[in-house]
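Reading through the structure tokens given below for one structure.
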Amino acid sequence: MDVKSNLKTAYSQQEGNSTHLASFQTENWKTFSGMGIPALKHEEWKYIPVKNIFKDEMNIAIESSNLEDTIIKKSILPGTEEANTIVFFNGRFQADHSIIHEKDALVVKSLETAAGDEDALFVEEHLGHSQAYHPDGVNALNGAFASGGAFIKLKKGKSLLQPLIIYHFSDSSNGFRFSQPRILASIEANAQITIVETYINIGGGESFTNEVIEICTGRDSITRYIKLQNEGKHSNHTGTTHVRQLERSNTHAVTITLDGAIVRNNLNMVMEDEHAESHMYGLYLLNGNTIADNHTIVDNRMPHCESNELYKGIMDDQSTGVFNGKIFVRKDSQKTNAYQSNKNILIGDQASANTKPQLEIFADDVKCSHGCTIGKLDEDALFYLRARGISEKNAKALLLQAFASDILGQIEHEAIKNYIEQLISERLSFQA
Amino acid sequence: MPEQQDDILEEITSSEYKYGFVTNIEADEAPKGLSEDTIRFISAKKNEPVWMLEYRLKAFQHWQKMEEPNWANVIYPTINFQDIIYYSAPKQKVSPKSLDEIDPELRNTFEKLGISLNEQKRLTGVAVDAVMDSISVATTFKEELSKVGVIFCSMSEAIQEHGELVKKYLGSVVPATDNYFTALNAAVFSDGSFCYIPKGVRCPMELSTYFRINAKNTGQFERTLIVAEEESYVSYLEGCTAPMRDENQLHAAVVELIAKEKAEIKYSTVQNWYPGDKEGKGGIYNFVTKRGICAGDHAKISWTQVETGSSVTWKYPSVILKGDNSIGEFYSVAVTNNFQQADTGTKMIHLGKNTRSRIVSKGISAGKSNNSYRGLVNVAKNATNARNFSQCDSLLLGDKCGAHTFPYIEVKNNTAVVEHEATTSKIGEDQIFYCNQRGMDTETAVALIINGFAKEVMNQLPMEFAVEAQKLLAISLEGSVG
């Protein structure tokens, strides 16, 4: 059996569901069948061989969960035991394993339920909005399997005391596992939330997660979003985080990529009302053969919006770091301020970096800038430390940690920040 | 200084496209359309050797298999390649031996362009090769150049007289199969300039080519080849104009530069093809492939361009830094107004060790135009200690234009240092206010600020061009303020 027919079997395996979701899936399946998997010739997939991930032996079958609580417990991020958690297993939402403490503020249910109850209208309106920005087979393929997705709603005026952590488990112990989680979130007016996503590969075999999360933010809401990728060398990932800032709202996203085989992250900020603000930070610390590709889009559709972006990369061994940042300033989006910066350090002599910061501007009263650098560690700084008796290895680790700390400092949640900081310092002291 | 500004202002208020005249010269034309016969016709007309015809036919066969590229950020109606006249030569009975023998009508044309061949010869000491429609009409200063061994002549002459050199280098930097338009050019190119600087010679004067499309429905496909042998130096200027016509005309040129060890080539362009009228009607499609190779160590190639014309521009002068310690530079000012579209930039391919490149690109968009910078900096695995600095700034005048940047940076060596910086903004109100306060009206203030914005690039131009280019900037932006 080849990939295509495997996918087809799995697709038809999905049970009948509410009308909108069913037609959404059909549409996406059609799109996927038409477009297929993007090749390297596709401008948006130029640097990552996503076709190579799709292998014949890929297992996409929808199976009932045999997830054990002990495995979940083991994977909980340190210091977040009190947090609200959502669990996905092999790309499907697990209501039984998800624990929501702050039930008066936060509603979590399956996308299928949401498409049939009082949130149906919202789902109809917002599900699949990311497709306009990623008209490719990968996004559509996720849409075709949306029935396993989850719906999140944070009620008006509520602010969560604890973060909402989404754990994505892929069970690769019985072979190459393909998971496709789908999430739609509504952050209502004046609400505040921290969403954390992290990925766990059970079994350590080959896996592939193709995720789409779409978030809509309301007036004066504040959304903090952290994506932590530390799955292991055999885990592939393509993910889209799509944020519609429907009214003036504030979004703050941090993407940390520490490990993986082929990793692609799309992060979109669509400013649909005046005075929206977004901050995007990213750190990719790569070694081995990892290829990590961060694509970001800031789409300024209304005047007076502001965005700030800083992505940093450290590439060791044969790893490849890719960055593509697009800033669109549409007609009449006057008084837009958009800044973007991408900095890369190449350590490994086989490592490479490809970056494409891209501005497309159709309004004149704007301030936009981008900058990017690719280089090595500063010789002078290294010498300074060496002159003070610090070994070369430690000096390098110190400098790289300082380089990374700009991004880590953006994580507000103390425990999560400390955890990631520890992961990074272990990695750096070991590899530098 | 104020006087000079008045001049600029006067020109701003009075001028449209001032090179839009048509010269009534009888032309010897190929029948419309493109086929093997057309190519044989061109080749026969030019009395070319067999290898040249074969080269053309091979390119044509390849071209037929290719598809027109559509990735650039420009929109234009499909070109009907059968509706173009591929060869048009001003009729002359015998080939001219000296300048005096050239058709006076033709000489008037060039005088109107501001390059009186005679005057140029005497006053500025710049050697000029003028190309009208498809063929080269005059080359000045030939004798003086040949004294030091410099060959500077039209491409057709070079094919006849320096066949071996042409055969060796033609297509070595830009192969016919490189892209759609280079294949087309290789098949139908009719003339161009050829320049050869022997070892150790510093070319005693600036070399210059003027291109002009005159006849209706013609396309211009010229081919320029410059070879600088070891330790030589040449500075080359190129200027272009065309008459005002309602229909679009195609210009698909190829320029190849070869710099051997310790050689330096400086290539400057002031491109002022007819940009179309205020409604976006007519104008030249300027689809040009320019590429240089620093073949030896310590070689240097520098591109400077001022782009104010053409309705659609599609052009990326590139440098392949093959020799160790070689240097590539790219300085560009691109101005678009009304409905013009420009997608231009450069490619710096670092292959050798300690190679350095510098990119300074200034884009100015006004009216309803779109201006894109598209560049590539590529550092290959063995390019140890490669260094690049790029800066691309965009200035927006008016709220209906667009400015875009697409820089590609690909680094495969961990000792390389690559920096890229880009900004987009409009002219600050405080800057205008400052000038107004000092008695300058807004239009003059804008001209001043724009010249300041582009100064870094203008400084790279040879004297003769710098003045002209500055005026061109102001003219192209006429009426776009307010």
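The values are calculated or read from the model by the stated rules, or taken from the named source; none is laboratory data. These numbers come from a predicted model, not from an experiment. Cβ placement follows ideal geometry from the backbone for every residue including glycine, while neighbour counts extend to all protein chains displayed.
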>> I'd like the residue in the stretch A:312-332 that is touching a residue at least 40 places away in the same chain (Cβ under 8 Å) and more than 10 Å from chain B (Cβ to nearest Cβ) and, out of all such residues, is nearest to B:LEU376 (Cα to Cα).
In response: A:GLY325
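Being more than 20 Å from A:TYR284 (Cα to Cα) and facing chain B (nearest Cβ under 7 Å) is the filter here; which residues of the stretch A:354-379 pass it? Before the answer, list the steps.
Taking the stretch A:354-379 first, the residues more than 20 Å from A:TYR284 (Cα to Cα) are A:359-369, A:379.
Result: A:LEU359, A:GLU360, A:ILE361, A:PHE362, A:ALA363, A:ASP364, A:ASP365, A:VAL366, A:LYS367, A:CYS368, A:SER369.
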>> Suppose the filter is assigned to a strand (DSSP E or B) and within 14 Å of chain A (Cβ to nearest Cβ); does B:ILE320 pass it?
In response: no
> From the list A:GLY239, A:GLY288, which one is farther than 25 Å from A:ALA144 by Cα, out of contact with any Cys (no Cβ under 7 Å at 6 or more places or on another chain) and small (Gly, Ala, Ser)?
Replying inline: A:GLY288
> When you go through (1) within 14 Å of chain B (Cβ to nearest Cβ); (2) modelled with pLDDT of 90 or more one by one for A:LYS30, which number turns out not to apply?
Replying inline: (1)
> When residues of the stretch B:363-403 are filtered for being surrounded by fewer than 22 Cβ atoms within 10 Å (Cβ to Cβ) and closer than 14 Å to A:GLN358 by Cβ, how many remain?
Replying inline: 1
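Considering A:ILE420, A:ILE416, which residue is among the β-branched types (Val, Ile, Thr), assigned to a helix (DSSP H, G or I) and touching a Gly at 6+ places or on another chain (Cβ under 9 Å)?
Working: A:ILE420 fails: touching a Gly at 6+ places or on another chain (Cβ under 9 Å).
Of A:ILE420, A:ILE416, the one residue that is among the β-branched types (Val, Ile, Thr), assigned to a helix (DSSP H, G or I) and touching a Gly at 6+ places or on another chain (Cβ under 9 Å) is A:ILE416.
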> Any idea which residue in the stretch A:390-408 is farthest from A:GLU82 (Cα to Cα), counting only those that are loosely packed, with under 14 Cβ neighbours inside 10 Å and either touching a helix residue (DSSP H, G or I) at 6+ places or on another chain (Cβ under 8 Å) or modelled with pLDDT of 95 or more (or both)?
Replying inline: A:GLU392
> Do we find a residue being farther than 30 Å from B:GLY428 by Cβ and either of a type in the set (A, V, I, L, M, F, W, C) or buried (at least 23 other Cβ atoms within 10 Å of the Cβ) (or both) anywhere in the stretch A:354-362?
Replying inline: no
>> A:ILE62 - would you say it is assigned to a loop (DSSP other than H, G, I, E, B), in contact with a strand residue (DSSP E or B) (Cβ under 6 Å, 6 or more places away or on another chain) and surrounded by 14 or more Cβ atoms within 10 Å (Cβ to Cβ)?
In response: no
> Restricting attention to the stretch B:414-439, and to residues there that are more than 9 Å from every other protein chain (Cβ to nearest Cβ) and among the small types (Gly, Ala, Ser), which single residue is farthest from B:VAL379 (Cα to Cα)?
Replying inline: B:GLY439
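Please tell me if A:ILE200 is surrounded by fewer than 22 Cβ atoms within 10 Å (Cβ to Cβ) and under 24 Å from A:GLU414 (Cα atoms). Give the derivation first.
Working: surrounded by fewer than 22 Cβ atoms within 10 Å (Cβ to Cβ): yes; under 24 Å from A:GLU414 (Cα atoms): yes.
Yes: the conditions hold for A:ILE200.
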> Considering the stretch A:235-290 alone, what residues qualify as being in a loop (DSSP other than H, G, I, E, B) and of a type in the set (A, V, I, L, M, F, W, C)?
Replying inline: A:LEU246, A:LEU258, A:ALA261, A:ALA276
> Looking at (1) within 26 Å of the chain's Cα centre (by Cα); (2) within 7 Å of another protein chain (Cβ to nearest Cβ); (3) within 30 Å of B:ASN73 (Cα to Cα), which is the one condition that is false for A:GLY348?
Replying inline: (3)
>> Looking only at the stretch A:399-413, filter to residues that are without any contact (Cβ under 8 Å) to a residue 60 or more places away in the chain and assigned to a helix (DSSP H, G or I); which one of those is farthest from A:LEU382 (Cα to Cα)?
In response: A:SER405
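Which count do you get for residues in the stretch B:172-187 that are in a helix (DSSP H, G or I) and in contact with a Ser or Thr (Cβ under 7 Å, 6 or more places away or on another chain)? Even if it seems obvious, please write down each step before you answer.
Of the stretch B:172-187, the ones in a helix (DSSP H, G or I) are B:180-187.
Applying the additional criterion that residues be in contact with a Ser or Thr (Cβ under 7 Å, 6 or more places away or on another chain) yields B:181-183.
Looking only at that region, the number is 3.
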>> Looking at the stretch A:380-397, can you tell me whether even one residue there is among the small types (Gly, Ala, Ser), touching a Ser or Thr at 6+ places or on another chain (Cβ under 7 Å) and more than 7 Å from chain B (Cβ to nearest Cβ)?
In response: yes
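For A:GLY34, indicate whether it is under 18 Å from A:VAL212 (Cα atoms) and in the same structural domain as A:LYS153 (by TED's automatic domain parsing).
Numbers: under 18 Å from A:VAL212 (Cα atoms): no; in the same structural domain as A:LYS153 (by TED's automatic domain parsing): yes.
Judged against the criteria, A:GLY34 is not a match.
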> In this structure, does B:ALA445 turn out to be hydrophobic (A, V, I, L, M, F, W, C), touching a residue at least 24 places away in the same chain (Cβ under 8 Å) and buried (at least 17 other Cβ atoms within 10 Å of the Cβ)?
Replying inline: no
>> Among the residues that make up the stretch A:41-59, is at least one of them assigned to a loop (DSSP other than H, G, I, E, B), touching a Gly at 6+ places or on another chain (Cβ under 7 Å) and surrounded by fewer than 18 Cβ atoms within 10 Å (Cβ to Cβ)?
In response: yes
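Restricting to the stretch A:113-129, name every residue that is part of a helix (DSSP H, G or I) and either of a type in the set (Phe, Trp, Tyr) or surrounded by fewer than 23 Cβ atoms within 10 Å (Cβ to Cβ) (or both). Before you say what the answer is, go through the steps one by one.
First, pick out the residues of the stretch A:113-129 that are part of a helix (DSSP H, G or I): A:113-114, A:120-126, A:129.
Matches in the stretch A:113-129: A:THR113, A:ALA120, A:LEU121, A:PHE122, A:GLU124, A:GLU125, A:HIS126, A:HIS129.
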>> Can you tell me which residue is surrounded by the fewest Cβ atoms within 10 Å (Cβ to Cβ) among those in the stretch B:280-297 that are in contact with a Gly (Cβ under 8 Å, 6 or more places away or on another chain) and part of a loop (DSSP other than H, G, I, E, B)?
In response: B:ASP297
>> Please return the ranges of strands (runs of 3 or more DSSP E) entirely within the stretch B:369-459 where 2 or more residues are farther than 30 Å from A:GLN318 by Cα and among the aliphatic types (A, V, I, L, M).
In response: B:387-397
> Which number in (1) under 23 Å from A:ALA253 (Cα atoms); (2) among the charged types (D, E, K, R); (3) within 14 Å of chain B (Cβ to nearest Cβ) marks the one condition that A:GLU414 misses?
Replying inline: (3)
>> Given the condition crowded, with 21+ Cβ neighbours inside 10 Å, on the phi > 0 side of the Ramachandran plot and part of a loop (DSSP other than H, G, I, E, B), answer yes or no: does some residue in the stretch A:156-164 qualify?
In response: no
>> I want to confirm something. Restricting to the stretch A:274-304 and keeping residues that are closer than 23 Å to A:GLN410 by Cβ and of a type in the set (Gly, Ala, Ser), which single residue is nearest to the chain's Cα centre (by Cα)?
In response: A:GLY282
> Condition test on B:SER311, is it among the hydroxyl-bearing types (Ser, Thr, Tyr) and out of contact with any Ser or Thr (no Cβ under 8 Å at 6 or more places or on another chain)?
Replying inline: yes
